[in-house]
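This report refers to the structure that appears directly beneath it.
The values are calculated or read from the model by the stated rules, or taken from the named source; none is laboratory data. Quick caveat, the model's predicted, so the values are computed rather than measured. We place every Cβ from the backbone using ideal geometry, glycine too, and count neighbours over all the protein chains shown.
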Amino acid sequence: MENVKIYIDYVATIIEAIGVLTIFLGSIYSIGKFILLIKSKEPISYVELRQAVGKSILLGLEILIAADIIATVVTEPSLKSVSILGLIVIIRTFLSLSLQVELEGKFPWQKKDKINV
């Protein structure tokens, strides 16, 4: 059973690294694209840059939440570890929700505007 805990811990660490890389590489890609297209015929606006970087942060946060949940499986369940996980998930969920509201201008549960054609 101890070997399984070690492997689960490795998996959680790898998923955390993937989450951080997602944020990092997505931000670098978005900024690089912004810089390359700044003087082209179709430049990317600052708002589009913010949305692209925000989307990478949002995806990275979701991956990090998954890594935290997996890492908690390895530890002995105690009130302290569960409350720490709950606090981390609440904070990251709040960050994800506020980023999504800022990017899309509405809450995720709000319906899309119907366009009559």
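Being touching a Pro at 6+ places or on another chain (Cβ under 9 Å) and under 21 Å from Val20 (Cβ atoms) is the filter; apply it to the stretch 92-117 and report the residue that is modelled with the highest pLDDT. This residue is Leu97. Looking at the stretch 1-44, which of its residues are within 24 Å of Ser96 (Cβ to Cβ) and modelled with pLDDT under 85? Of everything in the stretch 1-44, just one residue is within 24 Å of Ser96 (Cβ to Cβ) and modelled with pLDDT under 85, namely Ile44.
Closer than 26 Å to Thr13 by Cα and either out of contact with any helix residue (DSSP H, G or I) (no Cβ under 6 Å at 6 or more places or on another chain) or without any contact (Cβ under 8 Å) to a residue 40 or more places away in the chain (or both), is that true of Ile84? Yes.
The rows are residues; the columns are (1) small (Gly, Ala, Ser); (2) in contact with a Ser or Thr (Cβ under 9 Å, 6 or more places away or on another chain).
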residue: Val4; (1), (2): no, no
residue: Gly19; (1), (2): yes, no
residue: Ile23; (1), (2): no, yes
residue: Leu49; (1), (2): no, yes
residue: Ser56; (1), (2): yes, yes
residue: Leu59; (1), (2): no, yes
residue: Thr72; (1), (2): no, yes
residue: Thr93; (1), (2): no, no
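Filter the stretch 56-90 down to the residues that are of a type in the set (A, V, I, L, M, F, W, C) and within 20 Å of Phe24 (Cα to Cα) and list them by number. Hits for the stretch 56-90 are Ile57, Leu58, Leu59, Leu61, Ile63, Leu64, Ile65, Ala66, Ala67.
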